[in-house]
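In what follows, a single structure is set out as structure tokens and then discussed.
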Amino acid sequence: MHLPLLAVTALGFVAALTDVRTRTIPNWISVSLALFGLGWNAWQAGLPGLAAAALGCLAGFGIFLVFYLLGAMGGGDIKLMAALGAVLAVPALFEAAVWTAILGAILAVLAHTFALLRKTKVAAIPYAPAIVTGAWLTLWAHIP
């Protein structure tokens, strides 16, 4: 099995499930994924791999920072995307961000549709399932 895919599947599942149930993403998941991503990429490609993972981590943080500042996303979502940026590195992170945006839009439409049907307000939408699935799809697409 592809080790990054295994890590993202296992820890991502816990992150998504926890986010759906509690609307939080534990820091230990993001820290574990970030450390794994930095170590994995360094092991695979040396210093350039470590640099790509670090850049991916910063880019993942930056991609969602704007949404966090606008109040559309929580801090756990930013940390999770930063951690996945360390695993995916650049440019695969940008592919994952596109998948995440598409999946997040689908989640938002579904949440608003169910809220309209129930005649209720839309609660906070857990975004970890979209983030993790976007990263997972990207990893699957790049398995040699």
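The values are calculated or read from the model by the stated rules, or taken from the named source; none is laboratory data. Predicted, not measured: the structure shown is a model, and the values here were computed from it. Positions of Cβ are generated from backbone atoms using ideal geometry, with glycine treated the same way; all protein chains shown enter the neighbour counts.
Annotations
- Checking A97, A86 one by one, the residue that is in contact with a Gly (Cβ under 8 Å, 6 or more places away or on another chain), touching a residue at least 40 places away in the same chain (Cβ under 8 Å), of a type outside the set (S, T, Y) and surrounded by 14 or more Cβ atoms within 10 Å (Cβ to Cβ) is A86 and no other.
- Evaluating A123 against the criteria (1) under 20 Å from L65 (Cβ atoms); (2) assigned to a loop (DSSP other than H, G, I, E, B) leaves one unmet condition, (1).
- Filter result (surrounded by fewer than 18 Cβ atoms within 10 Å (Cβ to Cβ) and over 20 Å from G39 (Cα atoms)) within the range 50-83: G62, L65, V66, F67, Y68, L69, L70, G71, A72, G75
- Residue among F67, F94, F61 that is more than 23 Å from L17 (Cα to Cα), under 17 Å from the mean Cα position of the chain (by Cα) and aromatic (F, W, Y): F94
- Here the condition is being of a type in the set (A, V, I, L, M) and at pLDDT 90 or above; of A111, A130, A123, A115, it holds for A130 alone.
- The residues on offer are F36, F13, and the sole one that is buried (at least 18 other Cβ atoms within 10 Å of the Cβ), hydrophobic (A, V, I, L, M, F, W, C) and either on the phi < 0 side of the Ramachandran plot or free of Cβ contacts under 8 Å to residues at least 12 places away in the same chain (or both) is F36.
- So I131, is it touching a residue at least 24 places away in the same chain (Cβ under 8 Å) and not in a helix (DSSP H, G or I): no
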